[in-house]
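The next block holds one structure in the form of structure tokens; read it before the comments.
The numbers here are math on the coordinates, done by the rules we state, and not lab data. Since we're looking at a predicted model, the values are computed, not measured. Don't worry about glycine lacking a Cβ; one is built from the backbone with ideal geometry, like all the others, and counts go over all protein chains shown.
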Amino acid sequence: MPIQLNRQDDVFILTMDDGENRMNRVWLDAMNHALDEVDAAPGSKALVTTGSGKFYSNGLDLERLVASGEAEMAAFVADDERLFARLITTPYITVAACNGHTFAAGAMLALCHDFRVMREDRGYFCLPEVDLGIPFSLGMDALIKRRLPQAVAHEAMVTGTRYGGAAAASKGIVTEATSEDQVLPTAVAMAAALAQKAGPTMATIKSRMYADLIELLSNSPGTSVPEVP
């Protein structure tokens, strides 16, 4: 399975464990199933997501999406954006433990979390769409601009800059950068400290704070991607 879900006291740890952790239907269904389980758990809780090996997530599974045809490709992107909306409005705190490369839609996935912890010595956060010839959807555009400082969002989107952990932390892309062996423990500790805040009030605060963004992500028509060479 591409997704593993475990619990450490009040913190659920969702591990993406499928190589580059690219997003496709199997991945999306597994993510939603895992979130269903976290949502259903009573009491104090929080969620940490992480990857395995060199990757947090390398974004969309472009080859599989292109092969699926234009209609399915657009439908998948729309459903993926609805997952983003779901993550943004969880009734509990979420922390992305970026253990490795965090690219494209994988970077946007990380931005859907309340906080982000990144490995400081290796791995990059990058929005390479300008180099791939893929314009951001309205929802993705809004997500990046709402989660990043304005000047940083502009730089990241129009240049495709690759940010290492230290640079990402200094620019406000991630909350903290730390050593490889401390990425997950730091994220779990951060989540655990806020787990008691889980509940309907949390969901309402997030939903109202990001109402315009949620509207765009929840009603996305999807978008197309270019053929992979």
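Structure notes:
- What you get for the stretch 3-218, charging only the Cβ of Lys and Arg (+1) and of Asp and Glu (-1), is a dipole of about 580 debye around the Cα centre.
- A simple rule links phi to the HN-Hα coupling: the Karplus curve 6.51 cos²θ - 1.76 cosθ + 1.60 with θ = phi - 60°, which for the stretch 130-136 gives 4, 7, 8, x, 10, x, 5 Hz, with x for Gly and Pro.
- GNM top mover of 43, 19, 100 - the chain, alpha-carbon springs below 10 Å: 43
- Working from Cα pairs under 8 Å separated by at least six residues, relative contact order for the chain is 26 percent.
- Close Lys-Lys pairs in the chain, where close means Cα under 24 Å and separation is 8 or more or interchain: 7
- Cα-based Rg of the stretch 47-87 normalised by 2.2 N^0.38 Å, two decimals: 1.38
- Springs join every pair of Cα atoms under 10 Å in this Gaussian network model of the chain, and among 94, 201, 15 the largest mean-square fluctuation is at 201.
- Placing +1 on the Cβ of every Lys and Arg and -1 on the Cβ of every Asp and Glu, with nothing else charged, gives the stretch 1-81 a dipole about its Cα centre of roughly 260 debye.
- Sorted by Cβ neighbour density within 10 Å, fewest at the top, the residues 155, 215: 215, 155
- Relative exposure of 204, 49, 161, judged by other C-beta atoms within 10 Å (fewest first): 204, 161, 49
- Shape category assigned to the chain from the gyration tensor of Cα positions, a/c cut at 1.5: rounded
- In order through the stretch 9-21: 3J(HN,Hα) via Karplus (6.51 cos²θ - 1.76 cosθ + 1.60), integer Hz, x for Gly, Pro: 6, 8, 10, 7, 10, 9, 10, 7, 9, 9, x, 7, 6
- Choice from 172, 59, 106 with maximal GNM fluctuation in the chain (Cα, 10 Å cutoff): 172
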